[in-house]
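Comments concern the structure below.
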Amino acid sequence: MKTRRLSPNTGGIEEAAALLRQGLLVSFPTETVYGLGADACNGTAVAQVFEAKGRPTFNPLIVHVADIAQARSYVHWSDVAEVLASAFWPGPLTLVLPLKDGHGLSGLVTAGLDTVAIRVPAHPTAHALLQNFDGPVAAPSANPSGRISATTADHVLSGLDGKIAAVLDDGPCPVGLESTIVGLVGPEPVLLRAGGLPEEVIEQALGHPLGQATGSEITAPGQLTSHYAPGATVRLNAKNRRPGEVMLGFGAVAGDLNLSPTGDLTEAAANLFEFLHQLDARQLPIAVAPIPNTGLGRAINDRLKRAAAPR
Ligand code: TXA
Ligand code: MG
């Protein structure tokens, strides 16, 4: 299959939506990372997502919709869902909620669970695609399973060229880290994955701390120990570069590429996957400077820890 690169104009968006309607895969930009999209109601299309990524097991996928009203048509809504959705949607937050009967989503999207992960992305091109498609789009990050997430169309093509129908190319993703996932199925909201929306900001909206995942939650790729992994090994909390290494810097620790010379975590998040892709291409072990563990730094450190984990 020849993978087409589409422009994010009206023609490109219409073309992308038409491909999704035909049950084909289209990668599209979101504010967090590029998604690998399929019609969430078409089981054959969703199965191809797992195939294209080489995802070893059928882990549940995030469903993307255009607005809160569409989200509410699939799930049992709650007061907490209302608080978080009105504060942060559209934006880099995914909510896990109980599914309604007769939801029509493919069982592969939910991995047969009675809950679904759902979000309303803020990226204008994602929004335009979802509006034009006028239905739910299942989309994991657009990278081969276990590898570094894609924050540009070039990253998408380097991993998935020939395996998907098209990529909507709208430049780099502004946030650069996957969405934060909050579970709303138990008595308390629970943080399931740190991500592009800092925990502290969510807790401020809630007025109380988030529960932490106990580990009994379903195992999914983002929760696996080795993930987001470059080809070479990764050494964390490095104060300087050892011979034969390339170095990812932060703040005063310069490195070969510096995530943010001024120590700005938002800038660091936006650069993280792009810089890992660039260093990965040098095929040398990667040393990474220490990153403060607050705000977005927590999600950055979560991704780095998994990139450094034994394979
Ligand atoms: O920013 C993002 O979230 C990106 C963009 C494309 O939207 N998507 C993304 O999807 O990161 P993916 O497939 O790489 O990660 C999906 C995660 C899984 O790791 C899993 O933990 C969680 O969503 N998930 C999905 N359904 C769930 C459910 N029913 N219960 C708990 N977690 C769920
Ligand atoms: Mg992923």
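The values are calculated or read from the model by the stated rules, or taken from the named source; none is laboratory data. Just so it is clear, the model here is predicted, and its values are computed rather than measured. Positions of Cβ are generated from backbone atoms using ideal geometry, with glycine treated the same way; all protein chains shown enter the neighbour counts. Side chains are part of the model used for accessible areas, which takes the heavy atoms of the whole protein and leaves out ligands, DNA and RNA. Shrake-Rupley method; radii C 1.70, N 1.55, O 1.52, S 1.80 Å.
List of remarks:
- Excluding ligands, DNA and RNA, the accessible surface per residue across the chain is 40 Å² with a 1.4 Å probe.
- Relative contact order (%) - criterion: Cα under 8 Å, at least six apart; region: the chain: 21
- With a Förster radius of 35 Å applied to the C-beta separation of ALA69 and GLU14, the computed FRET efficiency comes to 0.95.
- Summing +1 for each Lys or Arg and -1 for each Asp or Glu among the other residues whose beta-carbon sits under 14 angstrom from that of LEU20 gives -2.
- Placing ASP101, ASP161, ASP39 in order of accessible area, with the largest value first and a 1.4 Å probe, yields ASP101, ASP161, ASP39.
- ASP154-LEU206 pseudo-label distance in nm [points 7 Å out on the Cα-to-Cβ vector]: 3.9
- Rounded to the nearest 20 debye, the dipole size of the chain about its Cα centre is 1080 debye, using +1 on the Cβ of Lys and Arg and -1 on the Cβ of Asp and Glu.
- Shape category assigned to the chain from the gyration tensor of Cα positions, a/c cut at 1.5: oblate
- ALA252 paired with GLN22, simple spin-label distance in nm, labels 7 Å along Cα-to-beta-carbon: 5.7
- Pairs of lysine residues in the chain that meet both criteria, 8 or more places apart or on different chains and Cα atoms under 22 Å apart, total 5.
- Extension gain for THR44-ALA87 works out to 12.0 nm (0.36 nm per residue, less the C-alpha to C-alpha distance).
- Segment 88-128 versus segment 249-295: alpha-carbon centroid distance in Å: 31
- Gained length - ARG311 relative to THR294, 0.36 nm times residue gap less alpha-carbon distance: 3.4 nm
- When the chain is treated as a Gaussian network with alpha carbon springs shorter than 10 Å, the biggest mean-square fluctuation among VAL201, VAL116, VAL234 belongs to VAL201.
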